[in-house]
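Written out below as structure tokens is the structure these notes cover.
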Amino acid sequence: SQGDFGFISNDGKGNPKYISLKKFLNEKYISKDIIYETISLNNDEVFFRSSSKLFFYKNKTITTIDKINKKKFGVSRYLNKKLYVTITGLGIAIIENKEPILIPNSEVFNNKTITGFHLSEENNLIVFTRKSGVYKKTNKEFVKIKNELIDNIKVIYRTYSLNNNKIGLATYEGFYIFDINLNPLIYLNANSGLRVNNVRSVFEDNIGNVWLGLDDGIVKINI
């Protein structure tokens, strides 16, 4: 939430009850930062990301990472047991032993807004940007992939990994699904069933339904 993070439990009678976790911080945490992402890591840790701080919760203990050179943290993703975090103005970092390690040559994204990370079939990093298309890490460089459809999307707000190596794009023009080779599979907008075109978040449940957070509510898509 804003300035807080935790989980939904119950009061013993089945009524929802929110329990904050920030009480386990060593320092007094007073902030209005929004928690943008929550990720379960493979070592039973839970990761929370705001723009100014990274939190790692496990066994009633929280470890934090503060901003680097006053640069904000951006979109984070957990791929193949590696945690990738955008550091605005510096590039992309992999978090290793609670230390951000910048990926060489990722400063190519310093003047771009990253909206999602994915892995190719060859296990190479694929990076989507808000308005500058999609890039692939080849050897030690990030190379822009020419894709006319993706290049013509005006704003890619976020991208999400879906089942069967598919990629979902939340855009201001609707919802796209691509395969891992960036071939288009599905496009939905207000003309094909969505209430509005402005898609802000994507979630796929255990039986393959895709849930979209729109700017006016939630919609379920039976793919």
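The calculated FRET efficiency for the pair Leu25 and Leu79, based on their C-beta separation and a Förster distance of 30 Å, comes to about 0.65. A simple spin-label model places the labels of Glu141 and Asn42 3.1 nm from each other, with each point 7 Å out along Cα-to-Cβ.
Given a Förster distance of 45 Å, report the FRET efficiency between Asp216 and Lys58 from their Cβ-Cβ distance, rounded to the nearest 0.05. Present the calculation step by step, with values, prior to reporting the outcome.
Details: r = 37 Å, r/R0 = 0.82.
Between Asp216 and Lys58 the formula returns 0.75.
Spin-label model, Lys70/Ile34: points 7 Å from Cα along the beta carbon direction are separated by 2.4 nm. Cβ under 13 Å from Lys112's Cβ, Lys112 left aside: what net charge do those residues give with Lys, Arg +1 and Asp, Glu -1? Every neighbour counted, the sum reads +2. Here is the result for segment 180-223: no chymotrypsin sites (Phe, Trp or Tyr not before Pro) lie in DSSP coil with at most 14 other C-beta atoms within 10 angstrom of their C-beta. Between their Cα atoms, which of Lys32/Lys140; Lys60/Lys82; Lys58/Lys140; Lys28/Lys220 are more than 30 Å away from each other? Distance filter (> 30 Å) returns Lys32/Lys140; Lys58/Lys140; Lys28/Lys220. Taking Cβ atoms as reference points and 12 Å as the exclusive limit, the residues near Ile145 contribute a net charge of +2, counting Lys and Arg as +1 and Asp and Glu as -1.
Mind listing which trypsin sites (Lys or Arg not before Pro) in segment 127-187 are in a DSSP loop and have 11 or fewer other Cβ atoms within 10 Å?
Details: sites: Arg130, Lys131, Lys136, Lys137, Lys140, Lys144, Lys146, Lys154, Arg158, Lys166; in loops: Arg130, Lys131, Lys140, Lys146, Lys154.
Answer by residue number: Lys140, Lys146, Lys154.
For the pair Asn165 and Asn197, a Förster radius of 25 Å applied to the C-beta separation gives a FRET efficiency near 0.45, rounded to the nearest 0.05. Of the GluC sites (Glu not before Pro) in segment 20-100, the ones in a loop by DSSP (not H, G, I, E or B) with at most 13 other beta carbons within 10 Å are Glu27. Tell me, what % of the accessible area of the chain is carbon and sulfur with a 1.4 angstrom probe? After summing per-atom areas, the C and S share lands at 46 percent. Counting charges near Tyr36 (Lys, Arg +1; Asp, Glu -1) among other residues having Cβ under 14 Å from its Cβ returns a value of +4. Projecting label points 7 angstrom from Cα along Cα→Cβ for Leu149 and Lys131 puts them 2.4 nm apart.
Between the entries (i) 11.8; (ii) 12.6; (iii) 13.9, the label attached to mean projected area of the Cα convex hull in nm² calculated for this structure is (iii).
The values are calculated or read from the model by the stated rules, or taken from the named source; none is laboratory data. All of these numbers come straight from a predicted model, not from anything done at the bench. Counting neighbours? That spans all protein chains shown, and the Cβs are built from the backbone with ideal geometry, glycine included. Only protein heavy atoms, including side chains, enter the accessible area calculation; ligands, DNA and RNA are left aside. Shrake-Rupley method; radii C 1.70, N 1.55, O 1.52, S 1.80 Å.
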